[in-house]
1. For the range 102-132, name all the residues that are among the polar types (S, T, N, Q) and either without any contact (Cβ under 8 Å) to a residue 24 or more places away in the chain or exposed (fewer than 13 other Cβ atoms within 10 Å of the Cβ) (or both).
2. If I ask for residues that are surrounded by 23 or more Cβ atoms within 10 Å (Cβ to Cβ) and either touching a His at 6+ places or on another chain (Cβ under 8 Å) or under 30 Å from Ile130 (Cα atoms) (or both), which ones from the range 210-234 would you list?
3. Just wondering, is there one or more residues in the range 196-204 that are among the polar types (S, T, N, Q) and open to solvent by 40 Å² or more (accessible area, probe 1.4 Å)?
4. If you scan the range 215-231, which residues turn out to be touching a strand residue (DSSP E or B) at 6+ places or on another chain (Cβ under 8 Å) and assigned to a loop (DSSP other than H, G, I, E, B)?
Amino acid sequence: MSIHQEQGLQPQNQTINLSDDPTQIVAWAVLGIEDRDKNGTNETLLLTRYSPTYDKITFVGAVGYNNCVEEINRMCKELFGSETEGITIEDINNCLQYTPSGGIYHDGTQDVSIGNFTTKLNRLKTWETIRGAGPNTPDGANEVALGNYPLTAYWYEKNSLSASTNSKNLIFGTDESPYMYWLATRGVYANTMAIFGAGSVMGGIANTSKILYNNGGGTSDWTMSLRPVLPIYP
């Protein structure tokens, strides 16, 4: 791997070459810094591909939910090198300096944040309705397992953030050219059903649960781009 700066370009336009083939040079941007070893110090520089890939992947149903994180990470490594991985909702939150208040579900009249990510589905107001839709979980487990899934879905809009325009455009793209890509993140949302999905950035919204499967057995499919993250350790 080599890091170099093209003649006449500013530092933010530096590129990282992950192969000896000059046609494979990809523009990267600074995503932020992170405390990856959890010692209280942000020591790791995170880079991301300046824009999502043109290559796209389709995830479908329960299988897509079960395997999305591993598949996103695997493909990022194949495309961009063994040190890369898929971008996560945590990476995006850090870049935008956004702290989520907790998981979100629909209580029958409106979306509600429960203020944490530990409340299980069987503690929700809508649990009996959810359970009545069917005991199916993505991994085929029983109703008890379904009730024990924590509510981890949340989302927020680009226009609701106080982050800088440059940061928001890096994550969401511009209004003229919005980004649409998968996150290496899973989330569980609830309304009249338990809804399992992979994270995504789409239409100016970052979310943890673009629907792929519900406990009634329904499935959805989405096709989106990938976006790698490359950690640079000190």
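1. Narrowing the range 102-132 to residues among the polar types (S, T, N, Q): 109-110, 113, 116, 118-119, 122, 126, 129.
Listed by number, the residues that qualify are Thr109, Gln110, Asn116, Thr118.
2. Those that are surrounded by 23 or more Cβ atoms within 10 Å (Cβ to Cβ) and either touching a His at 6+ places or on another chain (Cβ under 8 Å) or under 30 Å from Ile130 (Cα atoms) (or both): Lys210, Leu212, Tyr213, Asn214, Asn215.
3. Quick first cut of the range 196-204, residues among the polar types (S, T, N, Q) only: 200.
After this cut, where a residue has to be open to solvent by 40 Å² or more (accessible area, probe 1.4 Å) as well, the list is none.
No, the range 196-204 contains no residue that is among the polar types (S, T, N, Q) and open to solvent by 40 Å² or more (accessible area, probe 1.4 Å).
4. Scanning the range 215-231 gives Asn215, Ser220, Leu226, Arg227.
The values are calculated or read from the model by the stated rules, or taken from the named source; none is laboratory data. Computed from a predicted structure; not experimentally measured. Note: ideal-geometry Cβ built from the backbone for every residue, glycine included; neighbour counts use all protein chains shown. With ligands, DNA and RNA removed, areas are computed over all heavy atoms of the protein, side chains included. Shrake-Rupley method; radii C 1.70, N 1.55, O 1.52, S 1.80 Å.
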